[in-house]
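A.B. asks: This structure is in structure tokens; I'll ask about it shortly.
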Amino acid sequence: MSLDKDTVARIARLARLKVPDEELAPLADELSGIFAWIEQLNEVDTKNVEPMSSVSDVTLPQREDKVTDGGIAEKILANAPGGAVYIEPTDKNAGGFFTVPKVVE
Amino acid sequence: MAALTDLTLAQLKATLDRKEASAVEVAEAHLKKLDEHRALNAFITETPDRAREMAKASDARRAKGEAALLEGVPLAIKDLFCTEGVQTTAGSHILEGFVPHYESTVTANLWKAGAVMVGKTNLDEFAMGSSNMTSYFGGVENPWKKHGDNRKLVPGGSSGGSAAVVAAYMVPGSTGTDTGGSIRQPAAFCGIVGLKPTYGRCSRWGVVAFASSLDQPGPFARTVEDSALLLQGMAGHDPKDSTSAPLAVPDFAAAARNPDIKGLRVGIPREYRVEGTAAEIAALWDKGMEMLKSAGAVPVEVSLPHTKYALPAYYIVAPAECSSNLARYDGVRFGQRVPGKDLIEMYENTRGAGFGKEVRRRIMIGTYVLSAGYYDAYYKKAQQIRALIARDFKQAFEKCDVLLTPTAPTAAFAAGEKMDDPVTMYLNDMFTIPASMAGLPGISVPAGVDKDGLPLGLQIIGRAFDEETMLRAAAALEKAAAFNLRPAGY
């Protein structure tokens, strides 16, 4: 499996990672090397083998569908890097919001 | 009397119980060591004020007769555990300055058990690495050096800082996390004990996620008993982690104090004899089996046929989960933000600048293997191989009670080595990853030194949720190996 520059650029886009142009070719080589090493998995016959997504063989626990926490908007907003607006619980718009660049014109 | 910082965790506990020292005195003695050995770069954040405050509160509880399991014991915490009011970085620029408003379950359990936090330790970025060289905050130096060679060595990774601080006698114990070997390999490199519990034994809630089906918190200490005490303080069912096992916490320390292994069947997996393992490590492995045999154990040769595929399968599963988990670092809710002309560009700029090269590499591998058209060829295939690996262990454990293997193929290497080719670095975890893929517990015990005087570890792997048998075997190995060296100058 060999990845070319364009494929790497496409993966970077999918992953929302800015990769400078001059780094695309070396990254393609690096990733191709890793995938070439991973290729050895094709030696293994996995026909009829059930894929394993979790090591715990218990079914995931369920709980009653009710609110068990909340009221911590201020804490959740406290680390927002682009600034956030917190609205006191006394306000009818209580809660708050994160800020992002303009999405809708 | 020995210096407070020379005591094991169990001895320190006894000293505090006998009121020969206060928690405040114990904290001060260890904080002084943090000052002395700052050059190791083992901490990202030191928390001396928090330590003094917690120690004072611990003394007050003790005065009221309310001493808990780890009352007054100073610990270092891997900077992957969220700690309320204390910066938590995961070793990444993207989380620099992030101050959680909540406490991870494991650390909350430790504080409830009376432990005192001295700081947050350095690690490979998002726990991705085997040398601690991928940390945004710089590599950690291993306190050990080769005889007659002053070059800096790596402490292993990803929990390199947590291993180094215990090896350097800055604290008697610390927490780590292990996804593919991140506790066991650094423990081996630093000549200490490192324990990865069964997946589900310790809660992952509040631990910055890397690969959720593999990540598991665990302790570092200088003795097997100390690691058991810490595990006892960390473990327990947590409804906030749906993969946390609803099981009571056994008396792990009692198991570790009982090195009786008469009749215990110790499996030696033949597939672990591989090229690339240092001759001294292969010899130590044989010696380790002889030691256990002398203590009454029965050696059994077993086969784990899919061993060699564990590593490449891991490098599909772990990056796939990482690419999904790390999608949350988008510059909106926490961490760093780099502006862009629109939302997408803001994401790309933030993530491009915030992640280091190894993390970027793994996100890209993960994104690729999960992308349309490749899912079955890679991700599904890897999950099928994971099932085969788990089956291998299951069959082996029909013939034996624990497995004995080397922990790592080499001793600690120099800072900057193995950096040219990612796969060379990945091979460090060849002996630890198979047990991770199967969710099994493993412990690394220091068992000898190589010709350069560097510590080497042996790994004991147990059955799922049978850490007690694993600890008994580890205690027997520890007793027989009688490893009592410490790095020069520490």
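No lab work stands behind these numbers, since they all come straight from the coordinates. Predicted, not measured: the structure shown is a model, and the values here were computed from it. In this analysis, Cβ positions are derived from the backbone assuming ideal geometry, glycine residues included, and neighbour counts consider all displayed protein chains.
A.B. asks: In square nanometres, what is one fourth of the surface area of the convex hull spanned by the alpha carbons of the stretch B:217-343?
C.D. replies: Answer in nm², one decimal: 13.3.
A.B. asks: What nm value, rounded to one decimal, do you get for the distance between B:ARG328 and B:GLU345 when each label is placed 7 Å out toward the C-beta?
C.D. replies: According to this spin-label approximation, the distance is 2.9 nm.
A.B. asks: Among A:ARG63, B:ARG486, what is the fewest-to-most ranking by other Cβ atoms within 10 Å?
C.D. replies: In order of increasing Cβ crowding within 10 Å: A:ARG63, B:ARG486.
A.B. asks: Also, I was wondering about something else. Please report B:MET133, B:MET419 as a ranked list, fewest other C-beta atoms within 10 angstrom at the top and most at the bottom.
C.D. replies: Fewest to most other Cβ atoms nearby, the residues stand as B:MET419, B:MET133.
A.B. asks: Right, next: Assign unit charges at the C-beta atoms only (+1 for Lys and Arg, -1 for Asp and Glu), then state the dipole size of the stretch B:247-364 relative to its Cα centre in Debye, rounded to the nearest 20.
C.D. replies: For this selection, approximately 180 debye.
A.B. asks: For the stretch B:1-60, what number results from the quotient of the Cα radius of gyration and 2.2 N^0.38 Å?
C.D. replies: 1.16
A.B. asks: To continue, here is another question. Computed from the mean reciprocal separation of all distinct C-alpha pairs, what Kirkwood hydrodynamic radius does the stretch A:46-105 have, in Å?
C.D. replies: Its Kirkwood hydrodynamic radius stands at 16.3 Å.
A.B. asks: Sort B:GLU301, B:GLU275, B:GLU358 so that the residue with the fewest other Cβ atoms within 10 Å of its own Cβ comes first and the one with the most comes last.
C.D. replies: By the 10 Å Cβ count, ascending, the order reads B:GLU275, B:GLU301, B:GLU358.
A.B. asks: So what is the relative contact order of chain B, in percent, for Cα pairs below 8 Å that sit 6 or more residues apart?
C.D. replies: 18 percent
A.B. asks: With 22 Å as the cut-off, how large is the P(r) tail for the stretch B:336-444, expressed as percent of Cα-Cα pairs?
C.D. replies: Percentage above 22 Å: 57.
A.B. asks: Sorted from largest to smallest, which semi-axis lengths in Å does the alpha carbon gyration tensor of the stretch B:94-226 give for its equivalent ellipsoid, taking the root of 5 times each eigenvalue?
C.D. replies: Square roots of five times the eigenvalues give 23, 17, 14 Å.
A.B. asks: Please say if chain B is rounded, prolate or oblate, where rounded means a/c under 1.5 for a ≥ b ≥ c the square roots of the C-alpha gyration tensor eigenvalues, and otherwise the choice is prolate for a/b larger than b/c and oblate otherwise?
C.D. replies: Rounded, since a/c falls under 1.5.
A.B. asks: Quick one: grab the alpha carbon gyration tensor of the stretch B:143-198, order the square roots of its eigenvalues as a ≥ b ≥ c, and give me rounded if a/c is under 1.5, else prolate or oblate depending on whether a/b is larger than b/c.
C.D. replies: Here the stretch B:143-198 falls in the prolate category.
A.B. asks: Sticking with this one: With N denoting the number of residues in chain A, provide Rg(C-alpha) divided by 2.2 N^0.38 Å, to two decimal places.
C.D. replies: Here the answer is 1.82, to two decimals.
A.B. asks: Oh, and also: Which is farthest toward the positive dipole end of the stretch B:365-426 among B:PHE413, B:GLN384, B:VAL402, measuring Cα position about the Cα centre, with Cβ charges +1 (Lys, Arg) and -1 (Asp, Glu)?
C.D. replies: The listed residue farthest towards the positive side: B:GLN384.
A.B. asks: Just to confirm a number: summing +1 for Lys and Arg and -1 for Asp and Glu over residues other than B:ASN41 whose beta-carbon lies under 11 angstrom from that of B:ASN41, what do you get?
C.D. replies: +1
A.B. asks: Within 10 Å, Cβ to Cβ, of B:LEU9, how many net charges do the neighbouring residues add up to if Lys/Arg are +1 and Asp/Glu are -1?
C.D. replies: Spelling it out: positives minus negatives among the neighbours equals 0.
A.B. asks: I'd like the distance separating the alpha-carbon centroids of the stretch B:56-70 and the stretch B:72-121, in whole Å.
C.D. replies: So the two Cα centres are separated by 21 Å.
A.B. asks: Would you work out if the stretch B:409-490 is rounded, prolate or oblate? Take a ≥ b ≥ c from the square roots of the eigenvalues of the alpha-carbon gyration tensor; rounded if a/c is under 1.5, else prolate when a/b is larger than b/c, oblate otherwise.
C.D. replies: In terms of gyration-tensor shape, oblate.
A.B. asks: Quick one: net charge around B:ALA279, please, counting Lys, Arg +1 and Asp, Glu -1 for every other residue with C-beta under 15 Å from its C-beta.
C.D. replies: Value of the local net charge: -2.
A.B. asks: Suppose only helical runs count, i.e. DSSP H with n ≥ 4. What mean residue ellipticity at 222 nm does that imply for chain B under -39500 (n - 2.57) per run, divided by all residues and rounded to the nearest 500 deg cm²/dmol?
C.D. replies: Calculated at 222 nm, the ellipticity per residue is -11500 deg cm²/dmol.
A.B. asks: Can I ask one more? Mind checking Rg over Rh on the stretch B:63-171, alpha carbons, Kirkwood formula for Rh?
C.D. replies: Checking Rg against Rh, the ratio lands at 1.05.
A.B. asks: With only Lys, Arg, Asp and Glu charged, each at its Cβ (+1 for the first two, -1 for the last two), find how big the charge dipole of the protein assembly as shown is about the Cα centre; round to the nearest 20 debye.
C.D. replies: Taking the Cα centre of the protein assembly as shown as origin, the dipole is about 640 debye.
A.B. asks: Still on this structure: Given a cut-off of 21 Å, name the pairs among B:LYS13/B:LYS112; B:LYS19/B:LYS64; B:LYS308/B:LYS479 whose C-alpha atoms lie farther apart than that in the structure shown.
C.D. replies: Over 21 Å apart, Cα to Cα: B:LYS308/B:LYS479.
A.B. asks: Related question: Would you mind giving the three semi-axes, in whole Å and largest first, of the ellipsoid equivalent to the protein assembly as shown according to its Cα gyration tensor?
C.D. replies: Those come to 35, 31, 23 Å.
A.B. asks: In terms of Cα to Cα distance under 16 Å, which aspartates and glutamates are near enough to A:LYS5, apart from those fewer than 8 places away along the same chain?
C.D. replies: Output for A:LYS5: A:ASP21, A:GLU22, A:GLU23, A:ASP29, A:GLU30.
A.B. asks: With every atom except the alpha carbons ignored, what do you get for Rg and Dmax of the stretch B:218-291, in angstroms?
C.D. replies: Spelled out, the Cα radius of gyration and Dmax of the stretch B:218-291 are 17.0, 46 Å.
A.B. asks: Now a separate question. Taking all pairs of different Cα atoms in the stretch B:150-269, averaging 1/r and flipping that mean, what Kirkwood radius in angstroms comes out?
C.D. replies: That comes to 15.1 Å for the stretch B:150-269.
A.B. asks: Additional query: Just to compare against my own numbers: the Cα pair-distance distribution for the stretch B:266-314, 5 Å bins, whole % per bin, please.
C.D. replies: Result, from short to long distances: 5, 18, 23, 23, 19, 9, 3, 1 percent.
A.B. asks: Once you have all Cα-Cα distances for the stretch B:37-96, histogram them in 10 Å bins from zero and send the whole-percent values.
C.D. replies: 19, 41, 28, 10, 1
A.B. asks: Ok, one more. So for each of B:157-165, B:103-111, B:192-200, B:39-47 I average, over its residues, the number of other beta carbons within 10 Å; can you give me the resulting order with the highest mean first?
C.D. replies: Per-residue mean Cβ counts within 10 Å order the peptides as B:157-165, B:192-200, B:103-111, B:39-47.
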